[in-house]
1. Placing unit charges on C-beta atoms (Lys and Arg positive, Asp and Glu negative, everything else neutral), compute the dipole magnitude of the chain about its Cα centre in debye, rounded to 20.
2. What does the highest-first list of 78-88, 33-43 look like by mean Cβ count within 10 Å?
3. Grab the Cα-Cα distance for Glu272 and Val126, subtract it from 0.36 nm times how many residues apart they are, and report the gain in nm with one decimal.
4. Provide the percentage of antiparallel DSSP beta bridges, counting only those with both residues in the chain; round to the nearest 5.
5. Rounded to the nearest 5, what % of the DSSP beta bridges within region 73-225 are antiparallel ones?
6. Extension gain Val10-Tyr162, at 0.36 nm per residue separation less the Cα-Cα distance, in nm?
7. Kindly flag which residue pairs out of Lys122/Lys173; Lys84/Lys251; Lys36/Lys122; Lys66/Lys251 have an alpha-carbon separation exceeding 27 Å in this structure.
8. Could you order peptides 249-255, 190-196, 179-185 by the average number of other Cβ atoms within 10 Å of their residues, highest first?
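Values in this text are rule-based calculations from the coordinates and carry no lab data. All values derive from a computational prediction rather than experimental measurement. When we count neighbours, we look across all protein chains shown, and the Cβ atoms used for this are built from the backbone with ideal geometry, even at glycine.
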Amino acid sequence: MTDANDRELVIRDLRVAPAASPDHEILQGINLTIRKGETHAIMGPNGSGKTTLAYALMGHPAYVVKSGEVLWKGYDLLKLSPDKRSRLGLFLAFQYPTAIPGLSVASFVRSALNAKLQGIDKNPDVDPTDSTRGGISMLDFRRRMREKMAMLKMEDSFAARYVNDGFSGGEKKRLEMLQMAMLDPEFAVLDETDSGLDIDALRIVAEGVNAMLNPNMGVLLITHYQRLLNYITPDYVHVLAAGRIVTSGGKDLALRLEEEGYGPILRENGLETDVPDDALAVPQEPEAAAAGR
């Protein structure tokens, strides 16, 4: 395995169906290469398969991979369990994070960090609870948590709250970003991180993402809104429709989508649109601005 291949995630002919309906392929042959240091945005109409792609990359049990491969660090990720994919440096920020009453944010994040420190094969020589054997001391963990929470404009008391229990939309998304900051992934999939946020919360989350961007992390940014790309500038924009990537470009493509909607681009690429172009417009405002910070 060359260094160059260690720096890219390669998706080849990925075909995915829901486990409940395995004969109905949602993704019908996705081909995409994302290198470390690059930010790729995926946009597309509702039902085009954006979230399916995110879940398939992380191994969600509600989806079945019909064919294809996802190459990363010499592994085909599709043959690995979700926890091993995470141990290899992948991270997924959920569109709808789950609440876990009774489990504090600090305990949750520390457990995740300790699990990652053990490596893909759970190296027996590493004891995450022992700072002399590859672990992180409680003092260093707390210091790091405070630093990352300050970056995301989160109060210190946030660490003692239960995971997503009673959180506003903005708080849930900031917790996703806190996990990402603490785990320091090499490849991050952000599934509609902007969904349900008002403009202030969106700006804080975007600033947090921008602060984490670095040459050693690739990002797949899935969004329904162009507005997020006003804050996080993508290197590439891809349009996903009818289960495949129909065209790719730069930030100008996202701006064109905002102005014209998906209709013209879909027709240019040979896809029929049986609904009015108004129904294929890119939303201008958050779906749930009232969700708050």
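1. Charge dipole, the chain, about its Cα centre: 1020 debye, nearest 20.
2. Per-residue Cβ counts within 10 Å, averaged per peptide and sorted highest first, yield 33-43, 78-88.
3. So the chain would gain 47.0 nm between Glu272 and Val126.
4. 60
5. Roughly 20 percent of the beta bridges in region 73-225 run antiparallel, per DSSP.
6. So the extension gain works out to 51.1 nm.
7. In this structure, Lys122/Lys173; Lys84/Lys251; Lys66/Lys251 exceed 27 Å between Cα atoms.
8. Packing order, densest peptide first, comes out as 190-196, 179-185, 249-255.
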